[in-house]
Amino acid sequence: MLLLDPSLFSPLYAQHFASGMRAFGTEVVLATRRLRGYETLARDHLDVRPVFYRLTERGGGRWRTSRTVKILKALEHPLGWRAVRELVSRLEIGVIHVSWSLVPAIDSAFLAGLKERAGIFMTVHNADLVAHDMAAVSGRLGRWTQSWRRERLLALIDGFVAHTDQAVDSLSRLGIEPSRIRLVRRPPYRLRPDGAVGPRSRAEAGRPVEILFFGAIKPYKGLDLLLDSALALAAQGKDFRVTVAGRPFLDLAPWRTRIEEAGLGERFRFDLDYVPDDRLDRYLRDADIVVFPYREIDGSGALALAASYGGAIVASAVGVFAEPPVRDHVALVPAEDVEALTATLRRLIVDPEARAELASKSAVLAERLGDWRDYARACLDFYRQRTEGRPLRG
């Protein structure tokens, strides 16, 4: 099987999906870009082929690149596809599974030429089928690039693997037949190679309650709502610290100035860069509460990671958070309701028993979401069903 993620938007998904596939004897080849100097990718179950963006990604560049570089990458995109075409032929690939499509007009042109050789499937990470990372960086250009000729791409896909009910509904509204859609809930991610989660730190007397917001920081994720809430709680004298860990795609300087002017700098910790796995693992183990104050969302890789750590989870009632089984194992608040968020966090900060009860629900959620063997089995069954029994190679 060939897994396609040209810009490596979802390395954890690739790693975990491949580990599940390996359990059934299916080798996974990942067609992507080369790793940057600060990135890691577990290759135990992956045959990684860095065939995309060989020119623009040479030298292991930083994550923050200019719009000019983004345009150059789009121009270089077909060269990666030429290498993919050679891989499919040489390795006798039986299934091409698209994790992200960045330039549908180009992707569809090459996939059309491969459809007779392999089944073509796609993971629906977001209901609108747009890679938020690209849209956030490239703005209107990114969204236009991802929408042009999208219908042609969708027509080529044999089957869509959706992670949420919202994604299923979105595909249905696009006219995708139910037989081409398979709902498979995304299991938890784990950062440690052995799958273990280290011992969690719990809030003790004299130590502030640790609140964590992590992941790429974009407007739709509502960090401003959490900061508003935290400032209100600090003014009430509540004992906590907020850690913000991730790459910012918006200007946080006004917020940091406001925090410092209020004399509350010690209540906030900002780690505004790519966060390596070992540091993120430490943040998650130390977190008493993980907050997802999103304005909108469909699926959430961050939730898949947080669930495996057993901390209390607070989230907006949108997307996957409002769907079963997640909604029964997290504290939900209305989206963009700072007062409700503040009230929920206040209760969890001052009441250790309430916090522990919610944390225990998070641990149960990790079990309810299943494992990656189950995920891989469901995908393999779907491949066979949609390719009408054609032998799947690779």
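Of the conditions (1) surrounded by fewer than 20 Cβ atoms within 10 Å (Cβ to Cβ); (2) at pLDDT below 90, LEU79 clears all except one; give me its number.
Among (1) surrounded by fewer than 20 Cβ atoms within 10 Å (Cβ to Cβ); (2) at pLDDT below 90, the lone unmet condition for LEU79 is (2).
Would you check which residues across segment 201-215 are at pLDDT 95 or above and buried (at least 18 other Cβ atoms within 10 Å of the Cβ) and list them?
VAL209, GLU210, ILE211, LEU212, PHE213, PHE214, GLY215 - these are the residues of segment 201-215 that are at pLDDT 95 or above and buried (at least 18 other Cβ atoms within 10 Å of the Cβ).
Test of understanding: among PRO219, PRO324, PRO254, which residue is within 19 Å of the chain's Cα centre (by Cα), modelled with pLDDT of 95 or more and farther than 25 Å from ALA359 by Cβ?
PRO219
Modelled with pLDDT of 95 or more and either within 18 Å of TYR309 (Cα to Cα) or touching a Pro at 6+ places or on another chain (Cβ under 7 Å) (or both) - does that describe any residue in segment 189-200?
Scanning segment 189-200 turns up at least one residue that is modelled with pLDDT of 95 or more and either within 18 Å of TYR309 (Cα to Cα) or touching a Pro at 6+ places or on another chain (Cβ under 7 Å) (or both).
Looking at segment 59-75 only, could you name the residues that are at pLDDT 80 or above and closer than 15 Å to LEU8 by Cβ?
LYS73
What about GLY310, is it out of contact with any Phe, Trp or Tyr (no Cβ under 9 Å at 6 or more places or on another chain) and farther than 19 Å from LEU227 by Cβ?
yes
Quick one: how many residues across segment 21-52 are over 17 Å from SER99 (Cα atoms) and of a type in the set (Phe, Trp, Tyr)?
Final tally of qualifying residues: 2.
Is it fair to say GLY37 is in contact with an Asp or Glu (Cβ under 9 Å, 6 or more places away or on another chain) and at negative phi?
Spelling it out, it is not the case that GLY37 is in contact with an Asp or Glu (Cβ under 9 Å, 6 or more places away or on another chain) and at negative phi.
Closer than 18 Å to ALA302 by Cβ and in contact (Cβ under 8 Å) with a residue 60 or more places away in the chain: which single residue out of ARG279, ARG247 fits that description?
Unique residue meeting the criteria: ARG247.
The values are calculated or read from the model by the stated rules, or taken from the named source; none is laboratory data. As the structure is a computational prediction, the values presented were derived from the model and not from experiment. All Cβ positions, even for glycine, are placed from backbone atoms using ideal geometry, and neighbour counts span all protein chains on display.
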